[in-house]
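Down below is the structure, laid out as structure tokens.
The values are calculated or read from the model by the stated rules, or taken from the named source; none is laboratory data. The structure presented is a predicted model; accordingly, all values stated were derived computationally and were not measured. FYI the Cβ positions are ideal-geometry reconstructions off the backbone, even for glycines, and counts take in every protein chain you see. Just so you know, the surface numbers come from the protein's heavy atoms only, side chains and all, with ligands and any DNA or RNA stripped out. Shrake-Rupley method; radii C 1.70, N 1.55, O 1.52, S 1.80 Å.
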Amino acid sequence: MSGSVRMMFAPLAVRGFRRYYAGQTASAFGDALTPLAVAFAVLDLTGSPVDLGIVVLSTRLPVILLTLLGGAAGDRFSRRTVMLLADLARFAAHGVTAVLLLTGTASVWMLVVLQLVAGAGSAFFNPAAVGLVASLAGRERLQAANSLISISRSTASMLALGTAGALVALAGPGWAIAADALTFLVSAAFLYRLPADLAAERLQRGGGLLAGIRGGIAEVLGHSWLQVWTLHAAVTNLIVVSPILVLGPYVADQHLGGAPAWSAIGIAYAFGGLAGGLVGARWRPARPMAAAILLFLLMVPFPALLALPADVWLLALAAVAAGLQLVVYNVLQTTCLQQHLPERFVARATSVTMLGGLVAAPLGMALAGPAAALLGTRPVLGAGAATAVLLTAAALLAPAVWRVRGEPAAVQDPVPEPPR
């Protein structure tokens, strides 16, 4: 086995990471099933796009409101325990949702409450997971570990895109959501098998959760490169990415042949994400933050071609580039954060950097429709492409971006783990 391939798969030699990875791969597949299943469940119940919007918002709202609290909990308590409880909460929420749909007793308000619970679970799980991966994989394997996780998510999304529609059509949305619930139980089972006190001695001690949130914000404010990265992600989510998610299906419906065209573009995007995971596992730039932001320019062709609109095959190629960019960008960002911050701040700093994008995305989706109605889809999508270029150039002018250095990769034998 070549050194680069061995380096890419090195984290899987660590038993703890291998267990975590298996659980997250199953959960990623289930997660990709849920959005379509929930959407058709609401439409089957009422047929109202307003109700659908309320249910979708109920999933995202607790993530926005509770992410900082989740980050503080992930640095204050055992990350394994926080994530285990979050998985059990999401298993319960999706399990009850499935039962209500399968028995014909569901109503919209019930789905809203259950999606609020599931969203709260995600708010606590995600920041803690970034810190846990650092503890499991070891510092020298971080980028490979983050890339492997991205590869599994992209692969799961590609498989789920083909499975979700068939499962909803043949068996109904309740069964698709039931399958997602079981994947959270699988994830919880693998987390349970990790050591209960993993890295506990390096977590925050003393003070409450609110003090922890303040500490996380102060840590991000103390690093200008993190501020640049958070702002870049938030503004590009607002002006570049969100309009694509809203106006892309509309353009496909009006000019490209409808849902099959948009589905093909979505599969191309997921394929790009898979390729990005492979690139992220093996590419270690000397200045990873500058490289990641420069790579964001690969996003530009997608909104630009969608504004025309170009042929589906050209849009699919642009989607591949956009998907690759997103995964490499996220891998390098996460790895930098894990490598350059004290471990006791990783979950909290992650929650702060995530929050900008979490707030910007729904705001951008809410504004994209009215902006297109007022100005037209072409100016809105074209403005997104221009913003990607201008904002990336502005970010690269910040000296802090170039000061962030990558750590050289070292292929080492895994640290021996105690028998369980």
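When the helices (runs of 4 or more DSSP H) confined to the range 281-370 are screened for residues that are open to solvent by 50 Å² or more (accessible area, probe 1.4 Å) and farther than 13 Å from Ala233 by Cβ, those reaching at least 3 such residues are found at 312-340.
Of the listed requirements (1) among the polar types (S, T, N, Q); (2) farther than 17 Å from Tyr20 by Cα; (3) within 19 Å of the chain's Cα centre (by Cα), Asn126 misses just one: (2). All conditions but one from (1) of a type in the set (Ser, Thr, Tyr); (2) at pLDDT 85 or above; (3) within 20 Å of the chain's Cα centre (by Cα) apply to Ser224; the one that does not is (3).
Would you confirm, using the coordinates I've provided, whether Trp262 is surrounded by fewer than 23 Cβ atoms within 10 Å (Cβ to Cβ), farther than 26 Å from Trp402 by Cβ and either at pLDDT 85 or above or charged (D, E, K, R) (or both)?
Values: surrounded by fewer than 23 Cβ atoms within 10 Å (Cβ to Cβ): yes; farther than 26 Å from Trp402 by Cβ: yes; either at pLDDT 85 or above or charged (D, E, K, R) (or both): no.
No, not satisfied.
Is there a residue being among the basic types (Lys, Arg), farther than 20 Å from Ile177 by Cα, assigned to a helix (DSSP H, G or I) and open to solvent by less than 20 Å² (accessible area, probe 1.4 Å) anywhere in the range 78-90?
So the first thing to find is which residues in the range 78-90 are among the basic types (Lys, Arg), and the list is 79-80, 90.
Of the ones still in play, those that are also farther than 20 Å from Ile177 by Cα are 79-80.
Filter again for assigned to a helix (DSSP H, G or I), leaving 79-80.
Narrowing the set further to residues that are open to solvent by less than 20 Å² (accessible area, probe 1.4 Å) leaves 79.
The answer is yes; a qualifying residue exists.
Results for (1) farther than 20 Å from Ala361 by Cα; (2) in contact with a helix residue (DSSP H, G or I) (Cβ under 6 Å, 6 or more places away or on another chain); (3) at pLDDT below 80; (4) open to solvent by 50 Å² or more (accessible area, probe 1.4 Å), shown as yes or no for each residue.
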| residue | (1), (2), (3), (4) |
| --- | --- |
| Ser187 | yes, yes, no, no |
| Ala200 | yes, no, yes, no |
| Gly212 | yes, yes, yes, no |
| Asn237 | no, yes, no, no |
| Pro249 | no, yes, yes, yes |
| His255 | yes, no, no, yes |
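If you go through the range 14-63 and keep only what is open to solvent by less than 40 Å² (accessible area, probe 1.4 Å) and not in a helix (DSSP H, G or I), you end up with Val14, Ser48.
Every residue, every condition in (1) modelled with pLDDT of 90 or more; (2) hydrophobic (A, V, I, L, M, F, W, C); (3) at positive phi; (4) surrounded by 13 or more Cβ atoms within 10 Å (Cβ to Cβ), yes or no:
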| position | (1), (2), (3), (4) |
| --- | --- |
| Leu374 | no, yes, no, no |
| Thr392 | yes, no, no, yes |
| Val401 | no, yes, no, yes |
| Val404 | no, yes, no, yes |
| Ala409 | no, yes, no, yes |
| Asp413 | no, no, no, no |
| Pro418 | no, no, no, no |
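The set of residues in the range 376-390 being assigned to a helix (DSSP H, G or I) and either open to solvent by less than 50 Å² (accessible area, probe 1.4 Å) or hydrophobic (A, V, I, L, M, F, W, C) (or both) consists of Thr377, Val380, Leu381, Gly382, Ala383, Gly384, Ala385, Ala386, Thr387, Ala388, Val389, Leu390. The conditions of being crowded, with 18+ Cβ neighbours inside 10 Å, farther than 27 Å from Thr155 by Cβ and either modelled with pLDDT of 90 or more or in contact with a His (Cβ under 9 Å, 6 or more places away or on another chain) (or both) are met by Leu100. Every condition in (1) free of Cβ contacts under 8 Å to residues at least 12 places away in the same chain; (2) buried (at least 23 other Cβ atoms within 10 Å of the Cβ) is met by Thr105 except one, and the failing one is (2).
Within the range 220-235, the set of residues being open to solvent by 30 Å² or more (accessible area, probe 1.4 Å) and either more than 17 Å from Leu297 (Cα to Cα) or polar (S, T, N, Q) (or both) comprises Leu221, Gly222, His223, Ser224, Gln227.
Just to be sure, is Leu363 over 23 Å from Ala264 (Cβ atoms) and without any contact (Cβ under 8 Å) to a residue 24 or more places away in the chain? Let's see the steps before the verdict.
Working: over 23 Å from Ala264 (Cβ atoms): yes; without any contact (Cβ under 8 Å) to a residue 24 or more places away in the chain: no.
For Leu363, the condition - over 23 Å from Ala264 (Cβ atoms) and without any contact (Cβ under 8 Å) to a residue 24 or more places away in the chain - is not met.
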